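The values are calculated or read from the model by the stated rules, or taken from the named source; none is laboratory data. These numbers come from a predicted model, not from an experiment. As a convention, Cβ positions derive from the backbone with ideal geometry for all residues, glycine included, and neighbour counts pool all protein chains shown. Only protein heavy atoms, including side chains, enter the accessible area calculation; ligands, DNA and RNA are left aside. Shrake-Rupley method; radii C 1.70, N 1.55, O 1.52, S 1.80 Å.
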Amino acid sequence: MSDSPMANPQRGSASQRGESFVESLSAFSRFHRAQHWSGTFGEFLRTVVPGNARALARTSHEYLWDMLNWYGRPDANGNGSEAAGPKELFKRELYGIDEPLGRVVDYFKAAAAGSDVGRRLLLLLGPPSGGKSTMAILLKRGLEEYSLTDEGAMYALQGSPMHESPLNLIPASLRAEFRDTYGVEIRGELSPWARDRLEREFEGDFLRMPVERVFLSEASRMGVGTYAPHDPTTADLADLVGSVDLSKVAQFGDEGDPRAWSWSGAVYAASRGVLEMIEILKVKREFLYLLLTLTQEKNVKVSRFPLIYLDETILAHTNLAEFHKFLQEKENEALLDRMVIVKVPYTLAYPEEARIYMKLVSAAPAFRDVHLDPHALRLASVFAVLTRLMKPEREGLDLSKKIRMYAGESVEGFAESEVARLRAESPEEGLTGVSPRFIVNSISNAITRSDKKSLTSMEVLLALKDSIETDARMDAKAKKLWIDYLVLARKDFYNRWVKEDVHRALFASFEDEAQQLLDKYLDEVEASLDHREVTDPITGESRPADERFLRSVEDKIKVSDSGKLTFRQEVVHKAMVAYKSHEKFTLNSHQRMREAIEQYLFEERRDVLRLVTSAARPDDEARKKISAVQERLTGEYGYDEHSAKEALSYVTTLLAQE
């Protein structure tokens with residue numbers, strides 16, 4: 001997507017970008033160059049354990065918590081910051097769901113501290129495309145990367161299908177002495193596989209058992225596992241815990257021989273790391289009981305073997321339909337008590353929603369050479385958030401104002417603190433509505449149908465309208481409501497955005513003019529509040545504060561007559577704060593003042609703009625102005641030639657209707 005501010009910001013030649021990427025790879029390689037190690041358990045105790053006992057005895061929850069903190073610390077990956085924290089792993093790919101991310105992080109923090117939370121299965125609940133799977137993927141990817149570092153070094157019994165901790169070899173009678181020596185507790189037990197090998201190959205001499213450093217990897221089934229029930233009716237527990245390998249029974253002569261058991265189950269692959277359970281509530285109840293027992297007791301029971309100790313974190317996710325079905329069955333109440341449920345709704349902040357679309361379209365080949373105008377994705381995101389909101393019942397508050405408040409924008413008559421109360425009043429917001437995938441699919445369809453390499457905001461709205469009308473899953477009432485949301489998004493958001501762009505492009509000196517107007521407003525306000533006169537800069541005469549001018553500016557952002565005093569005091573207060581900080585009070589210092597000044601200037605020049613853009617046969621002077629506006633839109637505001645012409649034409653139509 002060329003030239004758009006929402007497109008990839010990287011510039012420079014392909015060779016320069018290629019060289020930069022090679023440097024990034026080189027830095028990653030240096031930082032993650034892992035130190036391989038192998039030896040006997042005796043050598044492990046002498047050379048590895050001293051000074052590292054706490055790290056070597058970590059549970060899966062402790063390991064995950066350390067990984068999150070490692071990832072979020074300053075400069076952990078070459079680009080950390082002081083403000084980074086345990087949520088940093090997620091924040092680069094998940095936008096607008098800080099609260100659910102915070103709850104997930106809190107789960108790992110509490111579990112790592114040894115609280116009872118660590119004996120609960122973590123269930124992510126939310127609508128499709130809300131970020132649940134991405135969250136799981138990021139956790140798994142983070143574990144893999146962390147295991148390559150010195151801080152994340154993990155050791156296991158060589159060849160163990162459960163990559164169990166070497167410390168499990170220490171007999172129970174010596175564990176108190178180990179605790180007194182190194183200050184850590186050993187909590188694991190040897191698996192049947194390890195006990196068999198210890199007796200058969202090393203005659204019980206555990207100091208000779210081979211140990212190696214391992215690196216977590218889902219592809220290698222090392223500490224990272226995934227289970228997805230393809231057909232719940234035919235699913236077999238063996239997929240989780242393995243089964244007798246009949247081909248080996250003849251070789252070893254006993255079905256109870258650990259060597260004759262297939263240790264390929266997902267719970268063994270995930271040992272000491274994380275097991276992702278996809279659509280967990282679709283599986284049979286015995287699957288759930290096994291997983292919850294594993295989470296709570298850290299063991300599983302399979303035929304022919306005693307309890308098998310396994311320490312792993314189970315991260316499950318499911319959709320709302322399956323969860324509501326699960327709730328209706330009373331026998332599931334005991335299972336629910338053993339889960340920590342985190343709702344992962346869609347974001348309700350449209351700027352964050354636009355970032356999601358930007359991430360998705362950046363990865364799609366269909367968008368690679370397509371220009372999107374600067375408001376296309378933002379406009380689509382406003383529509384998406386509208387479908388997820390509940391209509392406010394509070395007087396003076398409508399959906400447009402609610403969206404702006406959720407986006408962190410100032411809304412007259414409502415304090416910022418009201419946002420938390422609004423969310424509390426509507427806890428189900430974000431759990432329904434349009435998904436990011438629906439939006440991006442609609443835009444993709446519009447691109448494939450168009451012969452242009454450019455897509456405007458209005459074309460995006462038309463593409464969304466077409467997708468709604470042809471969606472067989474929606475009834476007529478729902479379709480009408482969503483199309484009404486498209487109209488609302490255009491009227492209350494896009495119209496304002498595009499008019500501001502065209503206005504700024506038409507007047508090259510906009511910023512200087514606007515700052516002068518802001519300074520004049522401050523002078524008049526201070527005089528009004530202090531009940532003093534001002535000196536007219538033209539006549540030099542003293543006169544009272546220009547109340548008519550002040551109200552004409554304030555009216556643009558609907559400051560009421562009863563609320564003007566509070567608004568003016570707020571503006572003056574912010575100006576004084578800037579002055580005391582030795583900073584200039586500018587348009588960027590107060591968002592609502594900026595909107596008011598922009599609208600004021602726009603109204604002053606409305607006739608000029610209408611004349612320039614609507615002349616059927618523009619003269620040379622008008623043609624120059626039109627050309628200058630288009631050039632400024634393309635050069636400074638993220639438009640291309642096609643979208644700039646469309647924006648000018650659209651604004652002309654709006655002005656004609658006013």
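The table below lists the values:
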| quantity | calculated |
| --- | --- |
| Long-range amide H partners of THR226 with built H, under 5 Å | GLU276 |
| Isotropically averaged projected area of the range 429-491, using the convex hull of Cα atoms (one quarter of hull area), nm² | 4.8 |
| Accessible surface of the range 238-380, 1.4 Å probe, proportion on carbon and sulfur as whole % | 52 |
| Peptides 392-402, 52-62 ordered by average Cβ neighbours within 10 Å, highest first | 52-62, 392-402 |
| Alpha-carbon Rg with Dmax, taken over the range 363-444, Å | 15.3, 47 |
| Rounded to whole Å, sorted largest first: equivalent-ellipsoid semi-axes of the range 391-438, Cα gyration tensor | 20, 12, 10 |
| Cα-Cα pairs of the range 100-169 separated by more than 18 Å (percent) | 59 |
| 1.4 Å probe accessible area per residue over the chain, in Å² | 49 |
| Cβ-defined net charge surrounding SER542, 12 Å radius [Lys, Arg +1; Asp, Glu -1] | -1 |
| Listed residue pairs exceeding 27 Å between alpha carbons, taken from LYS132/LYS453; LYS401/LYS453; LYS391/LYS465; LYS401/LYS480; LYS343/LYS402; LYS325/LYS359 | LYS132/LYS453; LYS401/LYS453; LYS325/LYS359 |
| Cβ-based net charge around ARG179, under 13 Å, with every Lys or Arg adding one and every Asp or Glu removing one | 0 |
| Percent RCO, i.e. relative contact order, over the chain, from Cα pairs under 8 Å lying at least 6 residues apart | 14 |
| Amide H contacts of HIS371 (H built 1.01 Å from N, under 5 Å, at least 5 apart or other chain) | SER2, SER454, LEU455 |
| Ordering of 241-252, 465-476, 343-354 by burial proxy (mean other Cβ atoms within 10 Å per residue, highest first) | 343-354, 241-252, 465-476 |
| Positive minus negative residues near MET405 (Lys, Arg vs Asp, Glu; Cβ under 9 Å) | 0 |
| By average C-beta atoms within 10 angstrom, highest first, the peptides 298-310, 325-337, 587-599 | 587-599, 298-310, 325-337 |
| Cα pair distances of the range 209-251 binned at 10 Å [whole percent] | 20, 31, 39, 10, 1 |
| Surface accessible to a 1.4 Å probe, SER627 within the full protein complex, Å² | 50 |
| Within the chain, helix-based [θ] at 222 nm, where runs of 4 or more DSSP H residues each add -39,500 (n - 2.57), nearest 500 | -15500 deg cm²/dmol |
| Scattering profile of the chain at q = 0.07, 0.09 Å⁻¹ [log10 I(q)/I(0), Debye over alpha-carbon scatterers] | -0.63, -0.92 |
| The range 249-288: projected area of the alpha-carbon convex hull, averaged over directions, in nm² | 4.1 |
